[in-house]
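Read through the structure below, which is laid out as structure tokens, and then see the notes.
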Amino acid sequence: MSYKGFLGCHSKVSKEDQEFYDLKNKAAEYYRSNGVPEKIEGVLNEMIFHKPNDIYGYLANYFTRFSCTPVISKITGRVVYDGRGLTAIQANVHCIIRDEEKMVCSAVMGGPYDSLSEGIAETRETDCNSDQQKLSVTTALNWIIEHLSPMLQGFNPTDQTNLDKLLSDFFMARYLEDKKRCETEEEENRSETVPEAPPQDPPIPASNKDKKGGEKAKKGNSTEKPLTPAEPPVPRLPGALAVGVVSLAVAKTASRLIGAPLYTHVTSIRVQQASNKIYLPMPMITILSCGKNSMGKLNLLDEVILLATSSQRVRQVICLSFELQHEMRRILNGSGCKAGPVGISEEGSLQVGFERPEQALDLVTEACANLKLPLGSDLRLAINCAAHCLMDYTRGRYEVMSGCQKSPDELVDLYEGLIHKYPSITALIDPFRKEDVEQWERLASVIGQSCCLIADAASNPCPRLGDAKPLPQGVTRAIFRHHGDMTISELIQRFADKSETILAAGSAETGDTSIVDLAVGLGSFFLKLGGLRGGERMDKYNRLMAIEEELEQEGILGARDINLVKPAAVTS
């Protein structure tokens, strides 16, 4: 009987009974307004027919359909270490799921900057432990805790586009503040500095003058053009790593919440394609390194990369690469091979000291011949020259071998000779600095029909901080990386603007395999991960093979014949 019923009967009601009946009526109204009785009645009627073994599991799954959409409650971060023992950042996304806070997913990005984008030699140990690097990691951690976490609280993690817009706007605001601060400091320094008188040139000795009083021309100056100075590095804002790692962590969180792989989620964000097929990127596998860090005189071949140009499966290409490396090691261990010390490079490939590029290429050719591998047809080679690391600015020449320096024009002739002698070379990565525009164009005109030119360090890493500079003439493709100051939406846009693209892992190896899912979701033609050594790197190759198996089982794995020189042809 209700409380009003008791009053109608002139009965005495205690205060406790009154409060009980009031609470009971409020509860009944609360449940009715939320449709709880109808849903309970519906699931009980439905469950009597199914008779599930796990009754409470059945009830939990039923009511989960009516739960609120998960939203971000907070984002936490912490400093971790990558495969080289260098600092990296891990971002953790916490969400309110079924009225409970849970840590859903995390992402790790190593190193605030990729030295390739700076156009300088890769001295990772020194660079990543500098004061600027430490400041960048610390600032990124503070950004996550103090700014990004409150800003994204209550946000739906599946709304990647709008979330990335918030991250981009936040980054640009910080960037403009920092730029204004730097300009103010420079202006103050200029006003406080007293200009000094320009130094007088010393008199030219008579022995160095010709009969007309002019200075004698130095040897080579009459034929060689002056070297174009290196462009200043792209400005980097301390803390920018927080933008990329949070964007990636949120994307991984969304894919887990919707119960789909990350590559499927990334594909859904992109413009819908006409075909329902998903195409895997072909791995570019580094099999040999004879660059500047090797013990031999040769500096030019920083990476010798094996790639397949036919519709071979990823697992087949990886197996072939393992066999090829084993055969090369067998040849190197033989008494007839003249080579320096053999080791493993930071990229996870065989590192051998040679004196000339022909020795390295002959080794690969001989190993392929012994294994009867179709080098030159189904299998090709790409050479990462990393020329930006070889320039001696004091002399204006590339040190391709110890004691052997070449001008940019002489380097064109060297490449032409190698391509003519080894037609299996189908691509050159960074054969020059990005400033050597004339040489890029000249080399493309000479070898463009059989070999393509790929820009890596020569590509623009962050175009939103200024006008995007065009790639040098003759560049066929560009290698992109997910830089720390780039959101997932911006990475998708870069791939949408470029039809011939390659995605590569960053310089810092971590156990996060997201780069593989991103490559698949972005529709990248090639994926550059390095060699077949190292746990963090092999995790990525294993992830690529796992995705291939998933797509095969679902019947949606597309096939395309890939050629670096010509556009890819899609086959059924």
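Observations on the model:
- Each of the peptides 428-434, 406-412, 33-39 was scored by the mean count of other Cβ atoms within 10 Å over its residues; in descending order, highest first, they stand as 428-434, 406-412, 33-39.
- Where region 296-376 is the region considered: accessible area per residue in Å², 1.4 Å probe: 43
- Less than 5 angstrom separates the built amide H of residue 397 from those of 392, all sequence-distant by 5 or more or on a different chain.
- 5 angstrom amide H check on residue 97, placed H, neighbours 5+ away: 102
- Cα centroid separation - region 526-565 against region 25-79, whole Å: 40
- Distance violations [Cα-Cα > 24 Å] among 372/540; 252/540; 74/252; 434/528: 372/540
- Relative protection proxy for 282-290, 88-96, 17-25, from highest mean packing down: 282-290, 88-96, 17-25 (other beta-carbon atoms within 10 angstrom).
- Averaged over residues, the count of other Cβ atoms within 10 Å places the peptides 159-170, 445-456 in the sequence 445-456, 159-170, highest first.
- Whole-Hz Karplus values for region 423-439 come out as x, 6, 6, 10, 7, 10, 9, 6, x, 9, 5, 5, 6, 7, 5, 4, 6 Hz, taken residue by residue from phi with 6.51 cos²θ - 1.76 cosθ + 1.60 and θ = phi - 60°; glycine and proline positions read x.
The values are calculated or read from the model by the stated rules, or taken from the named source; none is laboratory data. Since this is a predicted model, take the numbers as computed values, not measurements. Cβ: placed from backbone, ideal geometry, glycine included. Neighbour counts: every protein chain shown. Side chains are part of the model used for accessible areas, which takes the heavy atoms of the whole protein and leaves out ligands, DNA and RNA. Shrake-Rupley method; radii C 1.70, N 1.55, O 1.52, S 1.80 Å.
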